[in-house]
Amino acid sequence: MAMKALSKTKAATIYQVAQRAGVSIATVSRALRDSELVTEETRARVHAAAAELNFTPNRLGRSLAEGRHAANGIVFPDLVGPYYAEVVLGYEAAAAGFGSSVLILATHGRADAAAAVQELAGRVDGLAIMGQTVGDDVVERIAATGLPLVLLARDPVKDVDTIRTRNERTAQALAAHLLGHGHRTFAFLGDPGGAPDVAGRYAGIAARLRAQLVPCDLDLESGQAAARELLRDPPDAIVCANDEVALGVHLAAEAAGLRVPDDVAVTGWDDLLAARFAHLTTVSQPMRELGATAARWLDHRITERTTDPAGRATAARRRVLPTELVVRRSCGHHPPEVRT
């Protein structure tokens, strides 16, 4: 009776819920998030205790109960451009569902990138590292601390979860499509040495056709600048490492008095919204799902770590998310949009 009176006059605490349910406060926290690491019977007991006490969990309380920061981190090569924005949206939305805020670090132009990433690692419960922002040695040092890690769009590191999207196989499908249109001379705009994703795309193209490699950064201005010289004697088709570069080629072609696709075919990668308005043949990849999957995997690892502090974690996971060729008018294909 006294307990019921307390619940009406003063907010119940997670400690009281734990006492009522006969479990630890960490188990209460996990049970209220419906973690699969807590049995169905225990979850039901904790939910019942919380209901009896009118207990409303809050993020800070859960974090203190589990010794957590209530924040996850993500490291990007850069924050310019819609590609990174889409990944962030997926990551942040999923992390918020688990009660975590997100700290973001971009390493572009930082001489102290490794130190900055390691400093961020000390302030979060889990960390996603995208692309070649830091070397494998830095990843290994952070992983050795026990911090949950997931790598995005880069080659795997031993014992660390990795999520990538399919590049080489879909690039081969794109190359076959261009050859099927009768195109015979090609250029590839992008730097395979700068990002594993781009390396995979170039490898897929090179496996099917000969293409002049024109290294450039992955933004519209770089694509426009690289295309100016190339378009003096244009190839049949210009394959771009991403949509932003391809849109830059479009602008350069227009400035040179050339028509896409009549004078030169152009393709991209990502399927950004602007690509659809430009009728750009491209490859659609699940950018938001890439970020969301990273957040889900980190939450699993964080829960796993709090459940088993001794560190007997499951084996590192590897996932390759599918990509899809989207055929539009920029490669010379005039019927309605086709996905293959």
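The values are calculated or read from the model by the stated rules, or taken from the named source; none is laboratory data. Given the structure is predicted, the values throughout are model-derived calculations rather than measurements. Neighbour counts are summed over all protein chains in view; Cβ atoms, including those assigned to glycine, are modelled from backbone coordinates with ideal geometry.
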Response to the item:
Checked against (1) over 17 Å from Trp269 (Cβ atoms); (2) outside the structural domain of Ala114 (by TED's automatic domain parsing); (3) buried (at least 20 other Cβ atoms within 10 Å of the Cβ), Asp161 satisfies every condition except (2)
Discussion item. When the residues of segment 83-100 are narrowed to those that are at pLDDT 90 or above and not hydrophobic (A, V, I, L, M, F, W, C), which ends up farthest from Asp217 (Cα to Cα)?
Written reply: Glu92
Practice prompt. Using the structure shown, decide if Thr170 is outside any helix (DSSP H, G or I), modelled with pLDDT of 95 or more, touching a strand residue (DSSP E or B) at 6+ places or on another chain (Cβ under 7 Å) and of a type in the set (S, T, N, Q).
Written response: no
Worksheet item: From the set of residues in segment 258-275 that are in contact with a strand residue (DSSP E or B) (Cβ under 6 Å, 6 or more places away or on another chain) and not in a loop (DSSP other than H, G, I, E, B), which is surrounded by the most Cβ atoms within 10 Å (Cβ to Cβ)?
Response: Thr267
Practice prompt. Within segment 127-146, track down each residue that is touching an Asp or Glu at 6+ places or on another chain (Cβ under 8 Å) and among the hydrophobic types (A, V, I, L, M, F, W, C).
Written response: Ala143
Discussion item. Which numbered condition in (1) within 18 Å of Trp297 (Cβ to Cβ); (2) surrounded by fewer than 20 Cβ atoms within 10 Å (Cβ to Cβ); (3) touching a residue at least 12 places away in the same chain (Cβ under 8 Å) is the only one that Ala94 fails?
Written reply: (2)
Worksheet item: Among the residues of segment 182-193, which ones are in a loop (DSSP other than H, G, I, E, B) and surrounded by 16 or more Cβ atoms within 10 Å (Cβ to Cβ)?
Response: His183, Gly190, Asp191, Pro192
Discussion item. Can you pull out every residue in segment 71-91 that is surrounded by fewer than 20 Cβ atoms within 10 Å (Cβ to Cβ) and part of a strand (DSSP E or B)?
Written reply: Ala71
Fill in: Unmet criterion (only one of (1) in a helix (DSSP H, G or I); (2) under 22 Å from Asn242 (Cβ atoms); (3) among the charged types (D, E, K, R)) for Asp155
(1)
Practice prompt. Please specify each residue of segment 118-133 satisfying the condition of being out of contact with any Pro (no Cβ under 8 Å at 6 or more places or on another chain) and at pLDDT below 95.
Written response: Gln118, Glu119, Leu120, Ala121, Gly122, Arg123, Val124
Discussion item. Over 13 Å from the mean Cα position of the chain (by Cα) and either surrounded by fewer than 19 Cβ atoms within 10 Å (Cβ to Cβ) or in a loop (DSSP other than H, G, I, E, B) (or both): is that true of Val124 in this structure?
Written reply: yes
